[in-house]
1. So A162 ticks every box in (1) more than 26 Å from T320 (Cα to Cα); (2) in contact with a strand residue (DSSP E or B) (Cβ under 7 Å, 6 or more places away or on another chain); (3) more than 16 Å from the ligand (Cβ to nearest atom) but one. Which box is left unticked?
2. Does the range 267-290 include one or more residues that are in a strand (DSSP E or B) and either within 23 Å of F368 (Cα to Cα) or not charged (D, E, K, R) (or both)?
3. So L68 ticks every box in (1) under 25 Å from the mean Cα position of the chain (by Cα); (2) more than 16 Å from the ligand (Cβ to nearest atom); (3) closer than 16 Å to G95 by Cβ but one. Which box is left unticked?
4. Looking at (1) out of contact with any Pro (no Cβ under 8 Å at 6 or more places or on another chain); (2) touching a residue at least 24 places away in the same chain (Cβ under 8 Å), find the lone condition where S235 falls short.
5. Which of (1) closer than 30 Å to K129 by Cα; (2) surrounded by 15 or more Cβ atoms within 10 Å (Cβ to Cβ) does R20 not meet, given it meets every other one?
6. Can you tell me which condition L287 does not meet? The list is (1) over 24 Å from I52 (Cα atoms); (2) hydrophobic (A, V, I, L, M, F, W, C); (3) not assigned by TED's automatic domain parsing to the domain that holds E374, and all the others hold.
7. When the residues of the range 224-270 are narrowed to those that are more than 15 Å from the chain's Cα centre (by Cα) and of a type in the set (V, I, T), which ends up nearest to the ligand (Cβ to nearest atom)?
8. Taking the range 7-62 only, how many residues are assigned to a loop (DSSP other than H, G, I, E, B) and either within 14 Å of the ligand (Cβ to nearest atom) or closer than 18 Å to A380 by Cβ (or both)?
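The values are calculated or read from the model by the stated rules, or taken from the named source; none is laboratory data. Since the structure is predicted, the reported quantities are computational estimates derived from the model, not experimental observations. Every residue, glycine among them, receives a Cβ derived from its backbone with ideal geometry; neighbour counts consider all protein chains shown.
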Amino acid sequence: MELSKITKSFTESVIREMTRISRKHDGCINLAQGFPDFSAPVKIKKAAINAIQQDINQYAITWGSKSLRNAISEKVTNYNNIKVDPLKNITVTCGSTEAMISSLKAIINPGDEVIIFEPFYENYGPDCKLSGATPKYVTLQPPEWKFDPEEIKRKFNAKTKAIIINTPNNPTGKVFSREELELIADLCQDYDAIAITDEIYEHILYDGKNHISIASLEGMEERSITINSISKTYSLTGWRVGWAIASEKITNEIKKVHDFLTVGAPAPLQEGAAFALGMKQKYYINLKNFYTKARDTLIEILKETSLKPFYPKGSYYIMTDCTQYMDERGLNNSTELAIDIIKNVGVATVPGGSFFESEEKGKHLTRFCFCKKEETLQAAKKRLEKLRK
Ligand code: PLP
């Protein structure tokens, strides 16, 4: 029996596979998958526990509990400069992962194309294929990870339905500038396309960088879908609470897809999320300071080795050029590279090839994450000293 041709066209997530492989290697330090190894904020945990005890244990309203939609609406108005009606413009989903696939399914017709910046967060390719779209790639060029305006202009055409933006970016740490977003916004308007923007690292910014939501630019409110979640900002990747913000017309379609995919995100955890969104300014300042220190620690460690790190301006990843290390050890591709680093050093990373359409383009790269305790990074430092120049 022939199973789905679509699912045959992609593999399981390499990022999550690396976590499984690292668990098989005794004592391996997992700097692969982006989840914190420290506790989530106590107050937020208490809010969810209270919700369970108050018996908020049945289905929430499909598109999100009132308290969470109100909290999202307030946050988005103040932080992202986007006007939202909690009833008309928000769909609460199971993480931004579900927000992305529900959004694509809500807008795609057969033959549509979706533009993706490469290297990309690996879900976007399969998400496009599962929703019937053809992904088209625009290159982000190291070390600054800028794109060529001429290339993006060439990729937009009458079949372009959407472009996926991820700022701050995983895996490069790029933060899209206003100028870049304005160029994309103009192209979306010229070609009647939608900007789907994954902003889950919006509070993890360095070196004075600011976050700009493309939906806040002139003419973009009606043609943007802004995706986010509590996973990264509040270190709650396992709660699976996210959301999509869009015009009423688009939201009506996203709500339908979401309803039949998952019915709803976990009800008591939505209450915890509503509490989280009300955290005081100090929380976000501490978060930024914590990650700035972690980034600088890992950068300093990597700079001492034969691996060449690219400096991230946002998110919590460091892409690293391993050409020299691969030559020294006779390695041929990014999977061999990541497995070799696990066996030789005892640190798990994510093979660069998984962030590109073809392995060839990322074969010399590997991605480290630094959303870890200081002691975890220091333990990794001891191991990486083996690779000193
Ligand atoms: N989008 C990006 C860019 C990510 O890096 C990740 C997780 O690493 C996700 C989405 C998944 O987010 P969520 O946990 O909200 O589904």
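1. Checking A162 against (1) more than 26 Å from T320 (Cα to Cα); (2) in contact with a strand residue (DSSP E or B) (Cβ under 7 Å, 6 or more places away or on another chain); (3) more than 16 Å from the ligand (Cβ to nearest atom), the one that fails is (3).
2. Checking the range 267-290: not a single residue is in a strand (DSSP E or B) and either within 23 Å of F368 (Cα to Cα) or not charged (D, E, K, R) (or both).
3. If we test L68 against (1) under 25 Å from the mean Cα position of the chain (by Cα); (2) more than 16 Å from the ligand (Cβ to nearest atom); (3) closer than 16 Å to G95 by Cβ, just (2) comes out false.
4. (1)
5. (2)
6. Condition not satisfied by L287: (3).
7. Applying the filter and picking the extreme gives T262.
8. 14
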